[in-house]
Amino acid sequence: MPLQRKQQKSGLTGIRQPQGINSSFQAMNSLILILVALFCLFSIRVQGESPKPKPFGSPTVGPNSQKPPPPISSASPQSVDETAKPPVEKNPPPLDPNNRDPSVKPQDDFFIYANGSWIKRTQIPPEYSRWGSFNELIENNNDALHDITEKAENTQVDPRLAPETQKVGDYYASGMDEKTIEAMRIGPLEDEFKKIESIKDRSELLKEIAHLHSIGVDALFEFASGQDAKDSTHEIAQAVQGGLGLPDRDYYTKTDAASKKLRDQYVEHVAKMLTLTGEPAETAADHAKKILALETKLAEASRTQVQLRDPQKNYNKMPLRQLQDLTPDWNWSDYFKSIDLLEPGDVNVHQPEFFKAADQVFENTPLDDWKAYLRWHLINAAAQELSKDFVDEDFNFKDRTLRGTEKIKPRWKRIIASTDEAIGEALGKLYVAFYFPPEAKARALELVNNLKEALVDRIKTLDWMDEPTKREALKKLAAMRVKIGYPDKWLDYSLLPIDRGPFVLNAMRAAKFETTRELNKIGKPVDPTDWGMTPPTVNAYYNPNMNEIVFPAGILQPPFFYANADDAVNYGGIGAVIGHEMTHGFDDQGRQFDAAGNLRDWWTPQSAAKFKERSQAIVKQFNEYEPLPGLHVNGELTQGENIADLGGVKLAYAALQKALDKNPQEREKKIDGLTPEQRFFLSFATIWKSKQRDEDLKLRLNTDPHSPARYRVDGPFSNLPEFQRAFNIPDGSPMIRSADKRVKIW
Ligand SMILES: [Zn+2]
């Protein structure tokens, strides 16, 4: 139960560790932030609203790290279950020509031209549902974190002197202690099951739901703190749709044969899990059906992924009285008392219609069904921290069935991921101390400033945006905060007890700690030093409420960032990532927030109309892509990310031109026969180098706001005259959209 910080960030990719759906006890932490991450590592936790990403689990080695990551010692007793390690180059050369496919021309399909040979010769490792640059980096990072956790585990330290080492070492040790975990099975959760069993009426049912929320278990709905979207200086309570066990509401409502089959498999999975807790098979099968029925009612009342993209519709701040009217059958003051929230204040109810429906479900579902549902959600959250039978069944459905993954990851990787989710800033503190030199931060900051300058230039010269809107846009850009590497202020875990006792209890306490920390924010000023990702994460995000861009240490390394490569490579890599996150501040969602992070319309109607026209064109472009027969990219769902990809490349290219202006001799220099401009585009295509299983692709087409990798390259490039020029491509080529169809925003 690696506690997941729930995030709604627009990350670079929606990365989340591939282990579980709602993989564990999820702290209800900041589930409301609209964080836009670079990509979704594991975007299964999507039903409510993208949670604040703690896309955990993408550890990497610091960029310019002087020390190469220590190789995993195969002699280590902790590494016994480490088999068939995915092939990862420790120091990949920039733009490896061996990855290119010489039989494909740049003008026909640039993604394949750049990565085709790699795609042909590479097998997706059995423990992955997709495999590419991001994963290779994560593997390298895992090695670094493995070294750290094992050292911490084997170091006898006085906890007062090195609290992080003690917590990381003990957490990791308890997770690696398979013997105890197997012997105890669900024993450590006995009290939790008893509590559920003892529910006698609906008032106790609500109190138990509140208790489960406080230990990070998703049930019925979600409740958390989050910035007030219209007063970004304050944290307020937030109530959000939730309570599902499948990745998204559509999984319950679609009527095609594949969806029906998946629901049957889900029912089987739930029944198996309940059987493992000791229910007789027949009872468990009956309960599983009832659980599906209950969740289906919640799903039917839930908003779709596309509907959730509208921040105005998700903003329904109301006094308690009004909240109580929405759900006449449960008593909010009981709920608040149970989660120790003394002064909830006004609550933002993201989806009021969901709560109305949830009230009916709450009242009309038999208590016995509720108990089964809560047992299921508890075990679903905790499965990964329990004995092998639970872990295997959890993997079987969430990874094998839903994502096509063939094999579970070695234990040590799963425990590192769990450590990162549970006490990520303790692990991160140790990580940056060893793997993130201060020079890397300085260099990244310089790049950010160059990209900012490029965006200032673009905004000033845009022909479709009028002057008043430009002034506000420039104000917003000037106010955009930048975070690089790791937090200035680390989380203090001193009140969180971590020991070498039962692993599941460590994870549960960590989830509770995080939930409490989040709930304590309600009614208080926003803490601008807070981070939504841990330092080792290979990802980045923009958070519109904070108007900030954030780049964890984990991503500031090859192939995104090379200490010694030419500018073209770095601008095409990390430069485009920085540009991507920056333009999220001005995408279909981000543009609705102002310089201070408030949801406030600062656009003139004319400029807004022109923006919409342009963003509709990108929706249309991506709707046409068909990655699997009959399955198209959802242009609406992915528009924010597609706008950011297009903007990111455009800005990084402009920033590269500026850098080349300062060093004219560089402009003329060819490396491996390639001009700086060609190397720039190749570098961008390289970061998206990847292969994916069909099941994973399908899941992501349904839920991931990011387009599949291939279209993140070919999509934006086909709109850019800069790209056409760089490779001297004739009009009418497959990679070149006709002039009237080209999308141009920035
Ligand atoms: Zn993004």
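Spatially, the range 434-458 and the range 86-106 are offset by 26 Å when compared through their Cα centroids. With one equal scatterer per alpha carbon and no solvent term, the Debye-computed log10 I(q)/I(0) for the range 496-561 at 0.12, 0.19, 0.21, 0.28 1/Å reads -0.49, -0.93, -0.98, -1.12. When both the range 239-302 and the range 662-715 are represented by their alpha-carbon centers, they are found 38 Å apart. Shown here are the Rg and Dmax of the Cα trace of the range 146-225, at 18.0, 50 Å.
Provide the FRET efficiency to the nearest 0.05 for the K460-D346 pair, computing r from the beta carbons and using R0 = 51 Å. So, using R0 = 51 Å, E works out to roughly 0.80.
When the P(r) of the range 243-386 is calculated, the portion above 19 Å amounts to 60% of the C-alpha pairs. Need one word for the range 114-255: rounded, prolate or oblate. Basis is the Cα gyration tensor (sqrt eigenvalues a ≥ b ≥ c); a/c below 1.5 gives rounded, then a/b vs b/c decides. Note, shape of the range 114-255 comes out oblate. Highest average first, the peptides 573-582, 666-675 ordered by how many other beta carbon atoms sit within 10 Å of their residues are 573-582, 666-675. For the range 538-599, what class follows from the C-alpha gyration tensor (a ≥ b ≥ c being the square roots of its eigenvalues): rounded when a/c is under 1.5, otherwise prolate if a/b is larger than b/c, else oblate? Prolate is the answer for the range 538-599, as a/c is 1.5 or above and a/b outweighs b/c. Report the far tail of the P(r) of the range 400-460, meaning the percent of Cα-Cα pairs longer than 15 Å. Result: 72 percent of Cα pairs exceed 15 Å.
Report note on the peptides 475-488, 288-301, 733-746, 710-723: ranked by the mean count of other C-beta atoms within 10 Å, highest first, their order is 710-723, 288-301, 475-488, 733-746. Computed over the chain, relative contact order equals 23 percent, with contacts defined as Cα pairs under 8 Å that lie 6+ residues apart. Where the alpha-carbon atoms of the range 300-371 are placed on the principal axes, they occupy 35, 31, 19 Å, in descending order. Exposure proxy ranking for L631, L402, based on other Cβ atoms within 10 angstrom of each Cβ and starting from the fewest, stands as L631, L402.
Could you check what % of the DSSP bridge pairs in the chain are antiparallel, to the nearest 5?
Close to 60 percent.
Grouping the Cα pair distances of the range 163-205 into 10 Å bins from zero gives a pair-distance distribution of 23, 29, 25, 19, 3 percent in increasing distance order. Amide H contacts under 5 Å for E548: R481, N543, restricted to partners 5 or more places along the chain or on a different chain, H placed in the peptide plane at 1.01 Å from N.
Note on the range 205-317: Cα convex hull, mean projected area over all directions, 8.7 nm². Each distinct pair of alpha carbons in the range 593-681 adds a 1/r term; the inverse of their mean, the Kirkwood radius, is 16.4 Å. With the convex hull of the Cα atoms taken as the outline of the range 201-251, the averaged projected area works out to 5.0 nm². Partner aspartates and glutamates whose Cα lies under 15 Å from the Cα of K371, excluding those fewer than 8 positions away in the same chain, are identified as E190, D191, E192, E197, D201, E204, E208, D218, E279, D286, E295, E363.
Converting phi to 3J(HN,Hα) with the Karplus coefficients 6.51, -1.76 and 1.60 and the offset θ = phi - 60°, the range 263-279 yields 5, 4, 5, 5, 4, 4, 5, 4, 4, 4, 5, 5, 4, 4, 7, x, 6 Hz in sequence order, with x at every glycine or proline. Full extension of the chain segment joining K90 with H632 gains 191.5 nm, where the gain is 0.36 nm per residue of separation less the Cα-Cα distance. The Kirkwood hydrodynamic radius of the range 618-746, based on inverse pair distances between different Cα atoms, is 15.8 Å.
Once Rg and the Kirkwood radius are both taken over the C-alpha atoms of the range 338-452, their ratio Rg/Rh works out to 1.13. Here is the size of the chain from its Cα atoms: Rg then Dmax, 24.7, 79 Å. Principal axis extents of the C-alpha atoms in the range 501-604 (largest first, rounded to whole Å): 50, 45, 20. Dividing the mean sequence gap of close Cα pairs (under 8 Å, 6+ apart) by how many residues the range 206-294 holds gives a relative contact order of 16 percent.
Where a number appears in this text, it was derived from the coordinates with a stated rule and is not lab data. Bear in mind that the values here come from a model prediction, so they are computed numbers and not experimental data. All Cβ positions, glycine included, derive from the backbone under ideal geometry; neighbour counts span all protein chains shown.
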